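See structure below.
The values are calculated or read from the model by the stated rules, or taken from the named source; none is laboratory data. Please read all numbers here as calculations on a predicted model, not as lab measurements. Neighbour counts run over all protein chains shown; Cβ positions are idealised from the backbone, glycine included. Just the protein is used for accessible areas: all its heavy atoms, side chains included, with ligands, DNA and RNA removed. Shrake-Rupley method; radii C 1.70, N 1.55, O 1.52, S 1.80 Å.
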Amino acid sequence: MQIVERLAELPYFAALAPAQLTALAQHCQPRAFPAEGSIFLEGEPAAGLWLIETGRVKIHKVNPQGEEHILHLLGPGNTFNEIAALDGGPNPADATALTPVQLWLLPSAALHRLLQTDALLSYRIIGILAGRVRMLVGQIEDLALYSVTIRLARFLLKQLDDPALSGPGVTRAAIAAHLATKPETVSRALRTLEQAEAIQFDRHRIIIVRQDILRTIAAL
């Protein structure tokens, strides 16, 4: 029942009938990885659609110089590798556990069979993937047009809606890799936000104390 409930919570499968969810759940395979464990590598054949039960995952790419850029920081309830699961191509990036994780893998073949028999599901997935493309366009815009302080303010505001962006495993180094900058630059930007009284620190935690100030800095 656990995986059936998880599937029902996903926007992709929320409209499926209970019998369809149960049938789909029978194909889901549990997987576990330790912190820093590699889930899959860029260029490998895609196994399917992944769902996070517990823990946090980073989707990232590494350039020839060894520099990392984190595309996504994900937590419980999030899915990843949808594109490769749907188009049959290789994994477009690396996936690595930030903390110990419990995952579910829905094989591509099972997903394809369901899509062939459910036009409404196909339409929902197209809509969700279109939203992902818009989000990526926004990320590119942020990297090209805004300073690190503005990008960091926007990143912190997203924590209000997406707890996967904070908590265990999401270090300053991880934030820097997500914002395409250096950890020391993130530290300077955090001090700027603290001086503006938008945030404060509780040990290693970043606490938003004035959303209005943070939104002004984020130019939202």
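Quick notes on this structure:
- Qualifying residue in region 73-82 (condition: closer than 15 Å to TRP50 by Cβ, of a type in the set (Val, Ile, Thr) and surrounded by 15 or more Cβ atoms within 10 Å (Cβ to Cβ)): yes
- Region 3-15, subset touching a residue at least 12 places away in the same chain (Cβ under 8 Å) and out of contact with any helix residue (DSSP H, G or I) (no Cβ under 7 Å at 6 or more places or on another chain), residue nearest to CYS28 (Cα to Cα): ARG6
- Answer residue from region 171-214, given it is in contact with a strand residue (DSSP E or B) (Cβ under 6 Å, 6 or more places away or on another chain) and not in a helix (DSSP H, G or I) and is nearest to LEU71 (Cα to Cα) among those: ALA180
- Counted residues, region 98-154 - those being surrounded by fewer than 17 Cβ atoms within 10 Å (Cβ to Cβ), closer than 25 Å to SER38 by Cα, over 17 Å from the mean Cα position of the chain (by Cα) and not hydrophobic (A, V, I, L, M, F, W, C): 1
- Residue check, ALA177 open to solvent by less than 50 Å² (accessible area, probe 1.4 Å) and at pLDDT 95 or above: no
- Pair list, Cβ < 6 Å and 6+ apart or interchain, from region 102-119 residues that are closer than 19 Å to ALA15 by Cβ to residues that are open to solvent by less than 80 Å² (accessible area, probe 1.4 Å) and outside any helix (DSSP H, G or I): LEU106/CYS28; LEU106/GLY48; LEU106/LEU49; ALA110/HIS27; LEU111/LEU49
- Selection within region 158-170 - in contact with a Leu (Cβ under 9 Å, 6 or more places away or on another chain), open to solvent by 40 Å² or more (accessible area, probe 1.4 Å) and part of a helix (DSSP H, G or I): LYS158
- Just one of the numbered conditions (1) in contact (Cβ under 8 Å) with a residue 24 or more places away in the chain; (2) of a type outside the set (A, V, I, L, M); (3) touching a His at 6+ places or on another chain (Cβ under 9 Å) is not true of PRO76: (3).
- The selection criterion, being open to solvent by less than 40 Å² (accessible area, probe 1.4 Å), at pLDDT below 95 and under 19 Å from HIS178 (Cβ atoms), does not hold for GLY66.
- Some residue of region 83-94 being under 12 Å from the mean Cα position of the chain (by Cα) and crowded, with 19+ Cβ neighbours inside 10 Å: no
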